[in-house]
Amino acid sequence: MDDLLKEFVTETKESLDVVDVELVRFEQEPNNAKILDHIFRLVHTIKGTCGFLNLPRLEVLAHAAETVMGKFRSGAPASAEAVTLILATIDRIKVIVSALEREQREPDGADADLIAELDALLGGIDRKPDVSQPVVGTLAPQVLERPLRPGEVSLDELERAFRETPVEPQATKAHSFPAQDEDLAKAASQSIRVPVDTLEQLMTMVSELVLTRNQLLDIVRRQDESEFKTPLQRLSNVTAQLQEGVMKTRMQPIGNAWQKLPRVVRDLGNELGKQIDLEMHGAETELDRQVLDLVKDPLTHMVRNSADHGLETPAERRALGKPERGRIRLSAYQEGGQIVIEIADDGRGLSTERIKAKAVSQGLATVAEIEKLSETQIQKFIFAPGFSTAAQITNISGRGVGMDVVRNNIDQIGGTIDVRSVPGLGVSFIIKIPLTLAIIAALIVEAGGERFAIPQLSVTELVRLRKGGDHRIEHIKDTAMLRLRDRLLPISRLTGLLGLEAAPKAADEGFVVVVEFGSQSFGVVVDSVLQTEEIVVKPMSSKLRNIAMFSGNTILGDGAVIMIIDPNGIAQVLGGTVATQLAAAEAAALAQVERMTVKDAATSLLVFRAGSPQQKAVPLALITRLEEIDARTIELSNGRHMVQYRGHLMPLISLDDHVNVKGEGAQPLLVFSDGRRSVALVVDEIVDIVDQHLEIQVAGFSPGVLGSAIINGQATEIIDVGHFVPLVFADWFRGKDQRGPIDRPSVLLIDDSPFFRNMLTPVLQAAGYDVTAVAGAREGLALLAGGEKFDVVVTDIDMPEMDGFALAEHLRADVRTASLPVVALSSVVTVDTIERGRRVGFHDYVAKFDRPGLIAALKEQVDMSVAA
Amino acid sequence: MTSERTEQTMDEYVTATVAGQRFGLPILRVQDVFVPERLTQVPLAAVEVAGLLNLRGRIVTLIDVRRRLRLGADGAGEPAMAIGVESHGESYGLLVDSVGEVVALDAKCREANPINLDPWIAEVSSGIHRLQDQLLVLIDVDRILGIAKKAVAA
C-alpha cells in the first residue's frame, strides 16, 4: 500500500476512536467548548487529508459532519439526535476507511442518505435564532450553505480562518494556553510510529541480554578478583536502563482498551432504553500492550453483558427503589505482580435458580449434583461453553458465545476470572492478569533442594528461624503459625505446599518469607534464601498453567530453569486448608461482636507508668514496637533527646516534664512509626498488656490525655498518641508534603466513639488532611446535603442508628455523592464484611487501628479522585 | 520421476525407541534432537511432565513418553534423548530412550490403529507402519502433547 495512504488509515482510525469518546462526553457536557474544539479539529484534519489524497466520499462525509459541528461551536444546542447522526456518520467513515485499508481505494457507494439527514439537521439549526453567533460568524454562514459543496477549496480556507480567529482572542484569557499548544506540537513531531514487531523483537533481544548479563555476573561473583568487575558493573547498569526503556515502550495505559466503551454503553443505553453511567477508575494502570490487546475484546463483551442482562430498565429500577440510572464500574489496579480489572454493575445480579435450571437442561450437571454446589460454584457455570441465561436473545448479547469465550481469552494470557454476585445488588467480574513477559526483581529461595523465585514486590520481610531464637513456629492442630510482633501469621512450608520432600533439617530452622497478597499476609517457610535477581518472566507452558502455585518460570544466571511462585496461588491453597478454621474464627468474632451491645470490641491496651505512679495506657495496636535501649546511647541534639535506631535518628518524646530520661541502665521506649520514620515515647516502666473493652469515663483535662478509664481496677489515664505524634511529625510533614493549606484534601470522619474521633483527627491532620469529625452517619449526611464538600469519607461500620453500610448506600444513591470515595473502618475485618462493604460501595477497608493503612488508603483515594 | 505413480507418497519419520517399542514422528514436526541436561522438576505437575530445561535460552517442557504411554517402569541407566517439537509457539521435548535413523515410508504400508491397540497408545497414534522387522507406531505430535485437559480436570 502507498505509504501515505497507510499512514492516513492508521492516523484516521486513531482519530476516529478519539472522536467517538469525545462526542459521548460532549453530549453529557454540551457546554464544554474544549471538547468540541478537539472533535472539530480531528474531523477537520481527516477532511483536509482526504482532499489531499483524493478520497471524495470520505471528504464529503467529513465535511458534512464538520459543518454540523461548526454549528455547535457557534452555540447551537447539541441534541441527542444530532450527536447520534454524527456518530452514524463517523461509523460510515470507519466502514470506508477499513475498506480503504483492504482494497486501497474507496469502496463504491453513496452517502446521499446521511448527507441529506445532516443537511436537514443543519437547516433546522439554521432556522433557529442564533443569539450567541460570534462576530466573525457573519462570514461563515454564507460559506456553509449547501450549494457550495463542490467548491471546497475556498471553504477550507474560510474554515481555517474561522477556526483560527476565535482561538487568538481566547489566548488572552490564560497564557498557559499557547504554551500547551506548543507542547502538543512538539510532542507530535517528536514521536514516531514503530511497527509492533520491531518492539517485540527488541524486547526478546533485551531479555536475552539480561540473561547473558546475569550469567556473566554469576561467573564474576565466583571469582575474588576480576578485572571484569568494573566494566561488567557498567554493562549491568546500561542493560538495566535499556530494559526499562524497552519495557516502557511496550506499556500502555489500560484506558486505551476502554476508549471505545463510553460509545458502546451510550449506544446500548439508547437501544435498550436504559440510562447507564459508565465509571472508569484506574485508566492509567499500565499493561503490556500484548496483554492489553487480548483483554480488549473480553472487556467490551462484558460491559455489553452488564448493560444488557445486568442492569434493569429504569422502570424496574424505580420499582425496586434503586436510582433510575444504572451504573457500570470499571476499575483497574495493580496488586502484587498482577493487574486486577473489575467490571461491576449495580443491576439485578445473577439468578442462581436460572443458572441451575440451565445447567441441568444443558447436561452440565445433574439435579443431585447441583444441589450440593455452593452459590459461587453455581455462578461459575456461566463460564461453561454455550451458556447463556438471557431469556430473550437480543442483538447485543445472549447468543451463548459469551463468557466462555471471555474466559478462554483470559486463560490464554494466564489470567483468571472470577464472578461475584449478590441478588438485587449486582454482579462483579474480577479479572486478574499476570504481568507476563515482564522482567521483575525476585528473591531466589531454596526448599527441598530446589530453587524457586518469589516476586520481590509481594515480599514484605524475611524472618530467620533459629533454635531458641525469638521467633518460633507454633501449631494449632496441623496448621502452623508464627508469632510476629503483635500478630499471628499463618505460615506453611514451601515443601509442603509443593508436595516436595522436606530437607532433613530441624523443623524449626529456615527462613519465613512474609508475603503480602491483597489484604492478607502469610509466611512461606523456606530452607534458605540465596539472593535477589532480576528475572525475565516467561509464561508457563500451557501444560503446566493449571498449577496455581506458579505464575511463570525463568532462566537464572547459571542457566537453570526455575519456577516463579505465585503468592496468589499460595493464598488460595492456604485459604483452602485453613478455610474451615478461618470460617470458625470469623463466626466466633462475629458472635462476639453481636454479644456486645456496646459498639467497640475489646481493645488491647498497653499499660505503663511514666512520670507519676498513676497508670497510663495506650492502644497496643498504635505501637510499632516496644524497645529497651541502653540509656547511655541516648544523645542530646538540638535540644532534643535522640537515639540511633536502625540506622536512623529517632527522636524521643516525653509525656510531660516529670518524665526523666534515664542517665544509665535500660530505658524502655514505646516506638511509634509511620513506616519511614519513628518516634519513641519515653516511659518509666511497662506494666502490662490487657484486653478489655475501653470505656472512657472521665474526659481528659490536659492535652495529650483522652480521659480516664478503669483498667485492672485502677484509674488509668488513656494517652492520646495523636497529640504527641504531630509534635514531632509536624515538621516532618511540612517537608514531605508540599501541599499548601488551600489544597489540603478534606476528610469527613464519622465515628460514634469519641475515643476514635479524638485519636484519628490529629493523626489525619498530621498527615495533611483537613478533618471534620462527626458522631453519626445522619450528621455526616446532613453536612453533605448542606453542600459541604469533602474529598473522602472515613466511616466506622458499627454505629447505632445508621451503620456504615447504610451510609454508603445512601451516598451511592445520591448523584452528588455517588462518586465520593468511602473508606470503612472496622474492628472486625472478615472476608464477609469486606465483600459486603465492596458491594455497597466502600472503596477501601481498613482495620480500626491500622493507622499507616488508613493513611495509605486515604492517599490512594484522594490521588485517584484528583486524577479522575 | 514422471513414471512414478503420484499416489506413492513417501513420508519421512524420525524414529525413536521407548521401552523397546519403535515410534515414528513426522520429520516436519521435529525441530532438533538433544540430550536433556540440568532438568528442573516441576512440583505438582502432571506425571507425564518430566521437567523443564533451558535449551539455548528457550524453556522447553519435557514430556516423558514412557510415562505418557504408560509403558512401564523407567529405564535404568540408559542416557535418555529428547526430540524437540513445537506446538502453538511453545517448545517441548519428548523424552525417549534412544533416537534412531530417519526413515522414508510409503503411505501405502500404513494402517489405521488396530482395534485392540493399547488405549494409551491408540490415543496418540495416527496409524501403524508395517516395517519389515517391526511395527512402527506413528505419533501424532499434537495428541501426544494433549495432556493439559486431563491435568486440568484432575
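Bear in mind that the values in this text are calculations on the coordinates, not laboratory data. Note that the coordinates shown come from a computational prediction; the quantities given were computed from them, not determined experimentally. Reconstructed Cβ throughout: ideal geometry from the backbone, glycine too, with neighbour counts over all protein chains shown.
On the basis of the beta-carbon distance and an R0 of 51 Å, residue A:200 and residue A:604 show a calculated FRET efficiency of 0.40. Close amide-amide hydrogen proximity is noted between residue B:48 and no other residue 5 or more places distant or on a separate chain, at a cut-off under 5 Å (H modeled in the peptide plane; Pro and chain starts excluded). In terms of packing, defined here as the mean over residues of other Cβ atoms within 10 angstrom, the peptides A:361-370, A:678-687 line up highest first as A:678-687, A:361-370. Sorting A:318, A:836 from the fewest to the most surrounding beta carbons within 10 angstrom yields A:318, A:836. Across segment A:110-116, rounded Karplus estimates of 3J(HN,Hα) from the backbone phi angles (6.51 cos²θ - 1.76 cosθ + 1.60, θ = phi - 60°) give 10, 10, 4, 4, 5, 4, 4 Hz, Gly and Pro being marked x.
Identify, among A:311, A:330, A:364, the residue whose Cα sits farthest towards the positive end of the charge dipole of segment A:255-434, taking +1 on the Cβ of Lys and Arg and -1 on the Cβ of Asp and Glu, with the dipole about the Cα centre. Positive-end residue among those listed: A:311. Spin-label pair residue A:666-residue A:241: with each label point 7 Å from Cα along the Cα-Cβ axis, the two points sit 5.2 nm from one another.
A simple spin-label model places the labels of residue A:80 and residue B:120 6.6 nm from each other, with each point 7 Å out along Cα-to-Cβ.
Please tell me the relative contact order of segment A:439-579 in percent, rounded to the nearest whole number, where contacts are Cα pairs under 8 Å and at least six residues apart. Dividing the mean separation by the residue count of segment A:439-579 yields 28 percent.
Label separation (residue A:847 vs residue A:110): 7.4 nm, computed from points 7 Å beyond Cα along the C-beta direction.
Extension gain for the segment residue A:88 to residue A:461, taken as residue separation times 0.36 nm less the Cα-Cα distance, is 128.6 nm to one decimal.
With a ≥ b ≥ c taken as the square roots of the eigenvalues of the C-alpha gyration tensor of segment A:290-384, please select rounded if a/c is under 1.5 and otherwise prolate if a/b is larger than b/c or oblate if it is not? Because a/c hits 1.5 or more and a/b fails to exceed b/c, segment A:290-384 counts as oblate. Which residues does the label zone of residue A:357 cover in segment A:311-334, counting backbone N under 20 Å from a point 7 Å along Cα→Cβ? Inside the label zone: A:311-313.
Taken over segment B:11-147, the convex hull of the Cα atoms encloses 116 Å³ per residue. Given the pairs A:47/A:94; A:6/A:432; A:260/A:538; A:6/A:248; A:296/A:538, which are separated by over 24 angstrom at their Cα positions? Beyond 24 Å: A:6/A:432; A:260/A:538; A:6/A:248. Cβ-Cβ distance of residue B:140 and residue A:325, R₀ of 45 Å, FRET efficiency by 1/(1 + (r/R0)^6): the value works out to about 0.20. Placing a label point 7 Å from the Cα of residue B:9 along the Cα-to-Cβ direction, the residues of segment B:123-147 with a backbone N closer than 17 Å are B:126-129, B:138-141.
Between residue A:99 and residue A:816, the contour length at 0.36 nm per residue exceeds the alpha carbon distance by 253.6 nm. Quick check for you: which residues of segment A:523-539 have the amide N under 16 Å from the point 7 Å beyond the Cα of residue A:221 toward its beta carbon? Label zone hits: A:528-536. Over the residues of chain B, the helix contribution to mean residue ellipticity at 222 nm works out to -2500 deg cm²/dmol, using -39500 (n - 2.57) for each DSSP H run of at least 4. Taking 0.36 nm per residue of sequence separation and removing the Cα-Cα distance, the residue A:404/residue A:640 pair yields an extension gain of 78.4 nm.
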